[in-house]
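Working notes, beginning with the structure itself.
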């Protein structure tokens, strides 16, 4: 069974987001990393890139597939986790911690996103 922290919001495309003080920390869910299996490459976006909800913002490649990762909010990419470029397996090992992907400056509240219970019902 997937780990689904209660304090995060979730997108139907399997991204998680934590919004605090106009900053959205984004990664992929435990369920998503399990489905992808061993992640071997991450193509991160450039800092300063404007993203809209639902836009492809980066690509993750695993031993079995390349997968698009979508922005769960509108905003501007302010920071990327360069550590996952050199150590992509961090996403498998710690998807909600060291395996985060980007920080987006946003005025989006995440109201359109799922809570933990909603995401749980989506994947079960």
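The values are calculated or read from the model by the stated rules, or taken from the named source; none is laboratory data. Being a predicted model, the structure only gives us computed values, none of them experimental. A quick note on method: Cβ atoms are made from the backbone with ideal geometry, for glycine too, and the neighbour counts reach across all protein chains shown.
Details
- Under the condition of being without any contact (Cβ under 8 Å) to a residue 40 or more places away in the chain and assigned to a strand (DSSP E or B), the residues counted in region 20-37 number 1.
- Condition broken by residue 47, with the remaining ones in (1) touching a helix residue (DSSP H, G or I) at 6+ places or on another chain (Cβ under 9 Å); (2) more than 17 Å from residue 14 (Cα to Cα) satisfied: (1)
- Of all residues in region 38-67 being part of a loop (DSSP other than H, G, I, E, B), within 22 Å of residue 87 (Cβ to Cβ) and touching a residue at least 40 places away in the same chain (Cβ under 8 Å), the one that is farthest from the chain's Cα centre (by Cα): 38
- All conditions in (1) touching a helix residue (DSSP H, G or I) at 6+ places or on another chain (Cβ under 8 Å); (2) more than 20 Å from residue 3 (Cα to Cα); (3) modelled with pLDDT of 95 or more hold for residue 39, with the sole exception of (2).
- Only a single item in (1) without any contact (Cβ under 8 Å) to a residue 24 or more places away in the chain; (2) closer than 16 Å to residue 16 by Cα; (3) under 14 Å from the mean Cα position of the chain (by Cα) is not met by residue 91, and it is number (1).
- The number of residues in region 2-36 that are surrounded by fewer than 17 Cβ atoms within 10 Å (Cβ to Cβ), within 17 Å of residue 121 (Cα to Cα) and out of contact with any helix residue (DSSP H, G or I) (no Cβ under 9 Å at 6 or more places or on another chain) comes to 1.
- Qualifying residue in region 68-77 (condition: closer than 18 Å to residue 2 by Cβ and either modelled with pLDDT of 95 or more or buried (at least 22 other Cβ atoms within 10 Å of the Cβ) (or both)): yes
- Some residue of region 73-81 being free of Cβ contacts under 8 Å to residues at least 24 places away in the same chain and within 20 Å of residue 110 (Cβ to Cβ): no
- Condition check for residue 83: modelled with pLDDT of 95 or more and touching a helix residue (DSSP H, G or I) at 6+ places or on another chain (Cβ under 9 Å): yes
Okay, residues lined up against (1) in a loop (DSSP other than H, G, I, E, B); (2) free of Cβ contacts under 8 Å to residues at least 40 places away in the same chain; (3) touching a strand residue (DSSP E or B) at 6+ places or on another chain (Cβ under 8 Å):
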position: 85; (1), (2), (3): no, no, yes
position: 95; (1), (2), (3): yes, no, yes
position: 99; (1), (2), (3): yes, no, yes
position: 103; (1), (2), (3): no, no, yes
position: 112; (1), (2), (3): yes, no, no
position: 117; (1), (2), (3): no, yes, no
